[in-house]
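The values are calculated or read from the model by the stated rules, or taken from the named source; none is laboratory data. On a predicted model such as this, the values are computed, not experimentally measured, just so you know. With ideal geometry, Cβ positions are generated from the backbone for all residues, glycine too; neighbour counts draw on all protein chains shown. SASA here: full protein model, heavy atoms, side chains in, ligands and nucleic acids out. Shrake-Rupley method; radii C 1.70, N 1.55, O 1.52, S 1.80 Å.
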Amino acid sequence: MLNQLDSDFLPFVFLLFLAVSVLSSLLLLYPKTPLHFIRIHQGFIVLPPLVALIALLLNDGKTMVGPWHFDSLSWLLALFVLTIGCIVQRYCVHYLLGDAAYREYFALLTFTTTAAAATWISNDLRLLLACWGAALLGLTLLIRLRKEWNVARNSAKICGFLFSLSWGALLVAIFWIAQSTNQWQLSAALTLDSLAKLDAWEKTCINLLLILAVVIPAGQWPFQRWLLDSVVAPTPISAVMHAGIVNAGGIILTLFAPLFNGSLAQIVLFIFSSISVVIGTGIMLVQVDYKRQLVGSTIAQMGFMLIQCALGAYLAAIMHAVLHGLFKATLFLQSGSAIQRHEYAFYTKQPLSFLSKLTGIGVGVLAGMGFWLASPGDAYQLVSAFILGWSLSIAWVQLVASGLGKVGRIAGFAVLVGGAIIYFFIHHLLYVALNESVQESMQPPVMAAIVLIVILLGAIMIGISLTRNRFSKFHAIIYLWLVRLGEPQNDVIESHPNYLTQLLFQGGKSR
């Protein structure tokens, strides 16, 4: 009885606190509202994610409240999005202090994260479309908020155009689904009876539209330019992009998982995402700008997340989206101290012996084989086993084999074991929470997983070859091509921020 009361009561409290947060942000736009009200606003925006956390821990099953649906997946996504929003806003209290658009930043941050959270709890397709469009609009306005700067305006134009294309593709797909199934409720439109009303060619077209709708906000090739150019925005804006916006592709495809199971669409998504993984990794390796390194990493990580969706591993994609979002948002907020972290490295790399390398390979192989034998045997688990083994092998070399002295190797081993325990603990918690809410699609044959592993091995071997042959012509061509691909275009770069000179001149003239 108590659990039933909680499942009915918490959604209303959550929606009420969301409304209070938005109203609080609107008060900040009123010029006579004192700036110290921001501290009170910080308290208001903490309440919705706190309710989402309580509801997720109770895990009372699915609850419908009007056009909203609440289950473990929607509660987790709301908690994830709003938590990043709270952290970023708390960071901005001092980081943006003195900015001319100080109040507007907080209002738009609240609007954007609230709209993103509302997207993932919407059961009505029209409401989902409207909320997602509002989140994309909010992000565009955040990038453009320093509108007196020509570079920011140009970057916002690029984002606005591509976001409009993405949203338009989702609009067509949703209306196509609704008209064919005569259902506007997401849960009703994706039942077997409703999907049976769609012809095979209709499913393929809708799936291709969904792919277009998700690869753009994920910054995938060939639409990665907006994400690279968005670095002109303040660093906290780059951090908040990972609150269910850049990583929304995996979430959208998970919501439409019963529909997104056509072989052609999955192959197309697999190809584009694989290209994005290679390009994003290359940009990350050749860029010297730290924020662009992080953007290149995001392109590659989002590509891998969409590969997970293409292989039908939606549960893994959701975990990837959440954990990567938290990790990458943290890196963006810490980007100001990147030079100091590099300068005060606590150890120096030591030459590795053949035995150390062989031990690292052996540890990775054993871990991968153990994971594969303990897994259900799905095709994607083979890819997971390969990535786990490869990652553990690298971690062993970096943390243990390269440690400075015996104490350094023992400390590295302790960090490695502790990190593994924490990872598997979090993975287990998320699996238990989402196992009933996330529908796994039909797994592709093992041969598809083997092809992916071959692609990954090929990319790794090419990278090693380029590293060892730095003076070859081929290395120079690839290197310069990746540098050019990751560099900003002329319309989003300025040798000197001229708008600062104009503001200074206007200020002196007014005095």
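Quick one: divide the alpha-carbon radius of gyration of region 146-334 by 2.2 N^0.38 Å and tell me what you get.
That works out to 1.06 for region 146-334.
Relative contact order for region 1-130: what is it in percent, counting Cα pairs under 8 Å that are at least 6 residues apart? Please list the in-between numbers first.
Numbers: 136 pairs, mean separation 38.5, N = 130.
Across region 1-130, relative contact order equals 30 percent.
Output needed for region 59-189: three equivalent-ellipsoid semi-axes, defined as square roots of 5 times the C-alpha gyration tensor eigenvalues, in descending order, whole Å.
Taking √(5λ) for each eigenvalue gives 31, 21, 8 Å, largest first.
At 1.4 Å probe size, with every protein chain present, just tell me what the per residue accessible area of region 146-334 comes to in Å².
On a per-residue basis, 32 Å².
Which whole-percent values make up P(r) of region 1-91 when all C-alpha to C-alpha distances are grouped in 5 Å steps starting at zero?
Going from the shortest bin to the longest, the percentages are 2, 14, 23, 22, 15, 11, 7, 4, 1, 0.
Please state the shape class of region 253-332: rounded when a/c is under 1.5, otherwise prolate if a/b exceeds b/c and oblate if not, all from the C-alpha gyration tensor.
In terms of gyration-tensor shape, oblate.
If you roll a 1.4 angstrom probe over the protein chains with everything in place, what fraction of the accessible area of region 146-334 belongs to carbon and sulfur, to the nearest %?
67
Highest mean first, what order results for 245-253, 21-29, 69-77 on Cβ atoms within 10 Å?
245-253, 69-77, 21-29
Among 171-178, 407-414, how do they line up by average Cβ neighbours within 10 Å per residue, starting with the highest? Walk me through the numbers on the way to the answer.
Working: 171-178: 18.9, 407-414: 14.9.
Descending packing order for the listed peptides: 171-178, 407-414.
According to the square roots a ≥ b ≥ c of the eigenvalues of the Cα gyration tensor, what is the shape class of region 146-193, taking rounded for a/c under 1.5, prolate for a/b larger than b/c otherwise, and oblate for the remainder?
Details: a/c = 5.76, a/b = 4.18, b/c = 1.38.
Judged from the Cα gyration tensor, region 146-193 comes out prolate (a/c at least 1.5, a/b above b/c).
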